[in-house]
Amino acid sequence: MSGRALVWFRDDLRLSDNPALTAAARDGRPIAALYVLDEATPGLRAIGGAAKWWLHRSLEALSRDLAARGVELIIRIGRSTDVVPAVAKALDVTAVHWNRRVGSTEIKIDTELKALFKARGLEVASHQANLLFEPWTIANKTGGFFKVYTPFARALRALETPRTPLPAPAFTGFETSAAGSVGLSSLSLLPIKPDWSAGIAAAWTVGEAAARVRLELFLDTAIAGYADGRNRPDQVSTSRLSPHLKFGEISPFQVWHAAELRGATGRAPKGDVDKFLAEVLWREFAYHLLHHHPDLATRNFQPRFDEFPWRTDPAALTAWQKGQTGYPIVDAGMRELWTTGWMHNRVRMIVGSFLVKHLLLDWRHGEAWFWDTLVDADPANNTASWQWVAGTGADAAPYFRVFNPILQGEKFDPKGAYVKQWCPELAQLPTTAVHKPWTLAPHEASRFGVRLGVTYPKPIIDHEAGRRRALEAFETLKDGRTAAE
Ligand code: FAD
């Protein structure tokens with residue numbers, strides 16, 4: 001094999017288990033590495049603020065790792081269908097490789113580019129890297145797509161075990177100044193004026209090496225007990241791999257095999273490993289749904305919800321966003337999100353239910369806020385999860401199941417440690433009142449440093465009244481149900 005190859009990095013910012021990189025560098029062929037920030041192609045969703053921060057750091061880490069092997073990461077801005085061919089031409093490469101992604105516009109771009117490179121006589125190939133099972137390869141018994149998680153997961157578990165991860169290949173670079181890299185800072189991904197990223201920076205270490213450390217730490221300290229522990233926001237009981245997976249700093253194959261190995265060698269209980277792998281398969285399910293329902297972020301999966309009587313209430317939305325609803329577990333979650341760019345899964349479900357049911361606000365407001373504030377904001381997981389919480393999705397929690405934020409808090413944050421961490425104004429409250437401070441008489445509350453309506457908000461809505469209002473709103477849908485289903 002002769003010539004030189006271009007690797008186009010996208011959601012796969014890693015060197016190991018990167019099939020596109022391995023194929024490009026085959027037989028010692030020199031490579032060039034490209035990242036394109038494409039905010040110009042219609043249909044591609046611009047990433048949110050917190051994810052931009054992560055992307056900057058992740059590209060920085062990838063650049064470092066590539067530079068250590070003599071390859072410059074070329075950074076360009078523009079339409080992928082213009083930039084990638086231009087770079088390929090300027091560098092006179094004979095091959096172009098990338099890893100596949102999901103999303104109708106993304107696939108359209110890749111298909112167009114593949115045809116173009118083929119027509120130019122180049123070697124061009126895409127590879128499976130970011131999903132264990134690509135959505136278009138999985139079908140149910142009638143040839144359609146799965147709308148329910150359990151049979152989907154069962155079908156995947158009956159297939160061959162996902163391939164073993166690839167090691168990082170050896171590779172060399174070549175002179176790439178003709179590619180016109182603009183440099184990372186030109187992407188303007190970091191916030192300035194104001195710079196709100198200090199909490200996020202304190203919470204995370206970004207990049208492939210950090211992802212590997214995070215995985216090992218989880219396997220060493222938290223996978224044993226995960227099946228129960230995963231519901232406890234007051235403990236570090238989940239992997240926190242989501243942003244690393246989102247940006248492809250680690251692959252699901254690496255995660256899958258490392259966890260399975262712990263189970264197989266008896267170093268982690270099988271039940272805990274299985275539960276963890278089941279969560280990894282939720283990610284696969286979300287991508288399966290996104291592939292078959294490309295506008296998952298904007299369109300109700302169940303069309304009968306198109307007529308749902310959502311309220312308009314900007315003040316309530318702001319109170320929710322800022323963690324000022326007067327429900328401690330909700331406020332703690334929203335503040336954890338704002339500060340660190342991440343929120344525990346149990347609390348994501350609680351705050352989501354509160355927005356959609358108690359406040360009766362359209363789930364798309366929540367999805368958009370998460371999209372902007374999560375470092376792991378993911379086109380499949382975020383949209384599928386919001387539709388799940390709202391009851392509008394495939395295999396969704398039924399709309400009439402309204403989470404009680406007080407009981408959820410008492411069950412999953414029994415001592416109130418999570419609430420006290422993120423709502424320090426409640427730190428002195430006794431455990432009996434920490435999830436319902438309004439039950440204390442004012443003089444009692446003030447003994448613990450709390451003045452409702454002054455130091456901490458009164459509940460924005462009474463729980464029972466909110467629940468009833470949500471159920472009444474749902475009742476209005478019933479007539480439309482048969483027509484839509
Ligand atoms: P772990 O429990 O350690 O799980 C390991 C991995 O499995 C995760 O990193 C993730 O990739 C996957 N996973 C776990 N739970 C789910 C799930 N319910 N759905 C899909 N994949 C899952 N996850 C995102 O990655 N990005 C999002 O934008 C996102 N938005 C969400 C919005 C709402 C309203 C809800 C309820 C959930 C959302 N999730 C999202 C799913 C889940 O909350 C996170 O994946 C999880 O909290 C990440 O923490 P972890 O890595 O410690 O998870």
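The values are calculated or read from the model by the stated rules, or taken from the named source; none is laboratory data. In this text the structure is predicted, and so the values were computed from the model without any measurement. A quick note on method: Cβ atoms are made from the backbone with ideal geometry, for glycine too, and the neighbour counts reach across all protein chains shown.
In region 191-230, what residues are of a type outside the set (Val, Ile, Thr), surrounded by fewer than 19 Cβ atoms within 10 Å (Cβ to Cβ) and within 19 Å of the chain's Cα centre (by Cα)? First the steps, then the outcome.
If we filter region 191-230 for residues that are of a type outside the set (Val, Ile, Thr), which is where we start, we get 191, 193-199, 201-204, 207-212, 214-220, 222, 224-230.
Checking which are surrounded by fewer than 19 Cβ atoms within 10 Å (Cβ to Cβ) leaves us with 191, 193-196, 198-199, 201-203, 209-210, 212, 216-217, 220, 224-225, 227-229.
Across region 191-230, the qualifying residues are 199, 201, 203, 210, 212.
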(message) Being more than 13 Å from the ligand (Cβ to nearest atom), modelled with pLDDT of 95 or more and not polar (S, T, N, Q) is the filter here; which residues of region 372-411 pass it?
(response) 405, 406, 407, 409, 410, 411
(message) Of all residues being under 27 Å from residue 206 (Cα atoms) and among the aliphatic types (A, V, I, L, M) in region 347-359, which is nearest to the ligand (Cβ to nearest atom)? Just the residue, please.
(response) 349
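For region 257-346, give me every one of the helices (runs of 4 or more DSSP H) that falls completely inside it and has 1 or more residues that are touching a residue at least 12 places away in the same chain (Cβ under 8 Å), within 15 Å of the ligand (Cβ to nearest atom) and farther than 27 Å from residue 440 by Cα.
Working: elements: 270-292, 314-322, 328-340.
The helices (runs of 4 or more DSSP H) meeting that bar are 270-292, 328-340.
Would you please name the residue that is surrounded by the fewest Cβ atoms within 10 Å (Cβ to Cβ), looking only at residues in region 458-470 that are within 15 Å of residue 439 (Cβ to Cβ) and in contact (Cβ under 8 Å) with a residue 24 or more places away in the chain? I'd like the intermediate steps shown before the answer.
Step one: filter region 458-470 for residues within 15 Å of residue 439 (Cβ to Cβ), giving 458-459, 462-464.
Checking which are in contact (Cβ under 8 Å) with a residue 24 or more places away in the chain leaves us with 458-459, 463.
Values: 458: 11, 459: 20, 463: 17.
Checking each candidate, the answer is 458.
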(message) Just to be sure I understand the filter: pairs with C-beta atoms under 6 Å, separated by 6 or more residues or on different chains, first member in region 245-256 and within 10 Å of the ligand (Cβ to nearest atom), second member of a type in the set (Asp, Glu). Which pairs pass?
(response) 246/376; 246/378
(message) Given the criteria surrounded by fewer than 17 Cβ atoms within 10 Å (Cβ to Cβ), polar (S, T, N, Q) and in contact (Cβ under 8 Å) with a residue 24 or more places away in the chain, does residue 439 qualify?
(response) no
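Please specify each residue of region 345-363 satisfying the condition of being of a type outside the set (Phe, Trp, Tyr), within 18 Å of the chain's Cα centre (by Cα) and closer than 28 Å to residue 151 by Cβ. Reasoning before the result, please.
Initially, region 345-363 is screened for residues of a type outside the set (Phe, Trp, Tyr), giving 345-353, 355-362.
With the extra rule that they be within 18 Å of the chain's Cα centre (by Cα), the set shrinks to 345-352.
Those that are of a type outside the set (Phe, Trp, Tyr), within 18 Å of the chain's Cα centre (by Cα) and closer than 28 Å to residue 151 by Cβ: 345, 346, 348, 349, 350, 352.
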(request) Scan region 346-389 for residues that are under 19 Å from residue 48 (Cβ atoms) and polar (S, T, N, Q) and jot them down. (result) 373, 381, 382, 383, 385, 387
(message) I want to confirm something. Restricting to region 91-121 and keeping residues that are free of Cβ contacts under 8 Å to residues at least 24 places away in the same chain and assigned to a helix (DSSP H, G or I), which single residue is surrounded by the fewest Cβ atoms within 10 Å (Cβ to Cβ)?
(response) 119
(request) Residues being crowded, with 24+ Cβ neighbours inside 10 Å and among the hydroxyl-bearing types (Ser, Thr, Tyr): count how many of those fall in region 354-379. (result) 0
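Given the structure, is residue 362 of a type in the set (D, E, K, R), touching a Phe, Trp or Tyr at 6+ places or on another chain (Cβ under 6 Å) and more than 8 Å from the ligand (Cβ to nearest atom)?
Yes: the conditions hold for residue 362.
Could you check region 19-53 and list, in sequence order, the residues that are out of contact with any strand residue (DSSP E or B) (no Cβ under 7 Å at 6 or more places or on another chain) and closer than 17 Å to residue 95 by Cα? Before you say what the answer is, go through the steps one by one.
Start the filter on region 19-53 by keeping residues that are out of contact with any strand residue (DSSP E or B) (no Cβ under 7 Å at 6 or more places or on another chain), which leaves 22, 26-28, 30, 38-53.
Of everything in region 19-53, those that are out of contact with any strand residue (DSSP E or B) (no Cβ under 7 Å at 6 or more places or on another chain) and closer than 17 Å to residue 95 by Cα turn out to be 22, 26, 27, 28, 30.
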(request) Identify all residues within region 24-55 that are surrounded by fewer than 22 Cβ atoms within 10 Å (Cβ to Cβ) and more than 30 Å from residue 190 (Cβ to Cβ); write none if there are none. (result) 26, 27, 28, 29, 30
(request) Select from region 413-455 the residues that are over 35 Å from the mean Cα position of the chain (by Cα), β-branched (Val, Ile, Thr) and not in a helix (DSSP H, G or I) and list them in ascending order. (result) 450, 454
(request) Kindly indicate the residue of region 380-402 that is assigned to a loop (DSSP other than H, G, I, E, B) and among the aromatic types (Phe, Trp, Tyr) and also surrounded by the fewest Cβ atoms within 10 Å (Cβ to Cβ) among those meeting that condition. (result) 400
